[in-house]
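Below is one structure, written out as structure tokens, with a few remarks after it.
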Amino acid sequence: MKNIVITGEGIISAIGQNKSAVLESLRERQTGIGRMKHLRSVHQELPVGEVDLSDEEMKSLLGMESSKDISRTSLMGMLAIEQALKEARVKSHEGLRIVLISGTTVGGMDVTERYFSDMRHCGEHLDWLLHHDCGDSTKMMADYFGFFSEWTTLSTACSSAANAIILGARLLQEGQADIVVAGGTEALSAFHLNGFNSLMILDKEVCRPFDASRQGLNLGEGAAFVVMESEESAAERQVPVHAWLSGYGNACDAFHQTASSENGEGPWLAMTEALQMADLKPADIQYVNAHGTGTPNNDQTESVALKRVFGCEMPLVSSTKSFTGHTTSASGSIETVICILALQHQFIPVNLGWSQPMDEGILPYMGGPLPNPIHHVLCNSFGFGGNDSCLILSDKGREDLNSELESDILDYRILSRVDITDEEQLGEIKQYVKPMEVRRMGKLMKSSLLSSLKALQQAGIEKPDAIITGTAWGCLENSELLLHHLTEEGEAMSSPTWFMQSTHNTISSNIAIRLKCHGYNVTYTQGSESLDWALRDAQMLLKSGRYKTVLVGMHDETTPFYRQAMEQLGVKDLKPVHSVAMVLSVDNQE
């Protein structure tokens, strides 16, 4: 194994458009949450954490024409990547395999919602549908720089960026990349704001993580990316190391699509896995950057999980979401950069807004001298569907990595495969799911679950060790319903189901919840390459020797409007639903 290091960071957020500005805001205890300025919404009562740049200003900084149609998600990502590359002294002519991995959920939604009415009623701007999805936002960023050898997108809601960093480390360990630029970017949109509002978890005041009076979260936006490479690579390139990624973990709570379990099983598993990988004891952690959203459910669950991990040796804990707002898919990388700043400058951001302890909750850091130097920090990111990820950042690497044994597993074999391409096949779901539950499921939820359960049954596997999903569009039907509602009804309260099931990892988490599978769980969304990335990830998992079986799927659906629009753009023969599920197992035969 190799020591994986971080040699460059870029960040743009509500509290600063670079690292130094962010550091100053954190030290001055200056929140970036306030009244909307760039997002157009009737919900002015909801404070947000906006990046204080218009799209036109960002295009100017990037040397783009102001008339160019490009999502805010991509623009912020480009600015953060540019900073990280410059700091790590990465140049296009170095001849290295440089991979871009981005985490996002909304993709180009801000542009789509701007044009959606014209698409539906006038047939105009249909070409934007080719650029709407999450994967295309990553491709736009890669195309801007022009030297990335590969790129992909992870979409696991609020843990997306953390999972992008985890994937980057694994690609480096496997020798599949020389340098990885990983992180996440997420823009505010009416879709996003009204979706979260339908869940009734937004606070009308600045959020107060871990406080007894907490009422919910404030949405934010931003982007952050880190440059990752092996310690040997950094030495060869003669660039300074800013931090070591000493451990990481991903687990699924497998409890509920939007709520977290009372015992914090998923967070506990992710933190425990990260500590084991880093060969650290709980007492070795000096600071935890908590997920800490300010919602009653999250903060209670996270407190329970932290107490399970640390017991009476609780390190200093704070949430920085009362500074930046909850930047959702970008939060893992934004908070990773904040953790690196904490390591470099030996300080801990306070937990803004806290005044009253929760019942049996943790007591967050509110200032004062640090009891010990900071050597190891833990960063939590938890997403919808119980997708829980944890990173450990350290001020030095391990010296005993070469003593670890390599796996002798050579490849994988496919135990079973099930394809569903006809809506009539969906009736078979009643063999596995109660009629009341079936009535609440859309086409894609039915096809993904049915194909997965049948594949597991054929393989004779009750529960896989991991679930990896690919999807180009996710639950398109629900996304379209919410967009249609916003266009025709305005920002009146919509169905929470539309938003909840519009997130891409709803598919994977639904399967995990059904199977009570707490193992590794991620979702790739890179268009037609999504399944290839899912299979590639599964192969790495199996080769590690820690996983014996992996459920891999590729699941997509279309709607009548989407099929008609695509036909006008020259894309034909799209099916209403298409699901593929495979069960993979290790194969160590020569």
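Any residue that is surrounded by 24 or more Cβ atoms within 10 Å (Cβ to Cβ) and over 24 Å from Ala278 (Cα atoms) - is there at least one of those in the stretch 370-382? No, that holds for no residue.
The residues of the stretch 503-542 that are assigned to a helix (DSSP H, G or I) and hydroxyl-bearing (Ser, Thr, Tyr), listed by number, are Thr506, Ser508, Ser509, Ser528, Ser530.
If you go through the stretch 439-479 and keep only what is open to solvent by less than 10 Å² (accessible area, probe 1.4 Å) and of a type in the set (Val, Ile, Thr), you end up with Ile467, Ile468, Thr469, Thr471. Could you identify the single residue in Ser333, Ser329, Ser355, Ser303 that is part of a loop (DSSP other than H, G, I, E, B) and of a type in the set (Ser, Thr, Tyr)? Answer to the selection: Ser355. Residues that are of a type in the set (D, E, K, R) and outside any helix (DSSP H, G or I) within the stretch 306-326 comprise just one, Glu313.
Here Ser479 does not fit the description of being under 18 Å from Ala190 (Cα atoms), part of a loop (DSSP other than H, G, I, E, B) and under 19 Å from the mean Cα position of the chain (by Cα). Scoring Gly294 on the criteria (1) outside any helix (DSSP H, G or I); (2) more than 19 Å from the chain's Cα centre (by Cα); (3) under 21 Å from Met200 (Cα atoms) leaves a single failure, condition (2). Taken over the stretch 564-579, the residue count meeting the criterion of being of a type outside the set (Asp, Glu), open to solvent by 60 Å² or more (accessible area, probe 1.4 Å) and either in a helix (DSSP H, G or I) or in contact with a Cys (Cβ under 7 Å, 6 or more places away or on another chain) (or both) is 2.
Scan the stretch 482-515 for residues that are over 19 Å from the mean Cα position of the chain (by Cα) and open to solvent by 20 Å² or more (accessible area, probe 1.4 Å) and the total you get is 16. Residue pairs whose Cβ atoms lie under 7 Å apart, separated by 6 or more positions or on different chains, with the first residue in the stretch 403-427 and under 16 Å from Ala538 (Cβ atoms) and the second at pLDDT below 85 and open to solvent by 70 Å² or more (accessible area, probe 1.4 Å), are Ile409/Asn588; Leu410/Asn588.
Would the stretch 582-590 turn up any residue that is acidic (Asp, Glu), out of contact with any Asp or Glu (no Cβ under 9 Å at 6 or more places or on another chain) and modelled with pLDDT under 95? Yes: one or more hits.
The residue of the stretch 312-363 that is farthest from Pro296 (Cα to Cα), among those that are open to solvent by less than 10 Å² (accessible area, probe 1.4 Å) and of a type in the set (D, E, K, R), is Glu335.
Look at (1) within 30 Å of Arg208 (Cα to Cα); (2) part of a loop (DSSP other than H, G, I, E, B) and you find that Ser67 fails only one, number (1). Of the candidates Asp388, Asp411, the single residue that is surrounded by 14 or more Cβ atoms within 10 Å (Cβ to Cβ) and not β-branched (Val, Ile, Thr) is Asp388. Here His43 meets the list (1) at pLDDT below 95; (2) open to solvent by 20 Å² or more (accessible area, probe 1.4 Å); (3) within 24 Å of Phe384 (Cβ to Cβ) almost entirely, failing just condition (1). Taken over the stretch 378-395, residues that are in a strand (DSSP E or B) and either among the β-branched types (Val, Ile, Thr) or closer than 20 Å to Ser509 by Cβ (or both) amount to 9. If you go through the stretch 216-239 and keep only what is open to solvent by 10 Å² or more (accessible area, probe 1.4 Å) and either in contact with a Cys (Cβ under 8 Å, 6 or more places away or on another chain) or within 24 Å of Leu280 (Cα to Cα) (or both), you end up with Ser230, Glu231, Glu232.
The values are calculated or read from the model by the stated rules, or taken from the named source; none is laboratory data. In this text the structure is predicted, and so the values were computed from the model without any measurement. Virtual Cβ from ideal backbone geometry, glycine too; neighbours counted across all protein chains shown. The accessibility values were calculated without ligands, DNA or RNA, using every heavy atom of the protein model including side chains. Shrake-Rupley method; radii C 1.70, N 1.55, O 1.52, S 1.80 Å.
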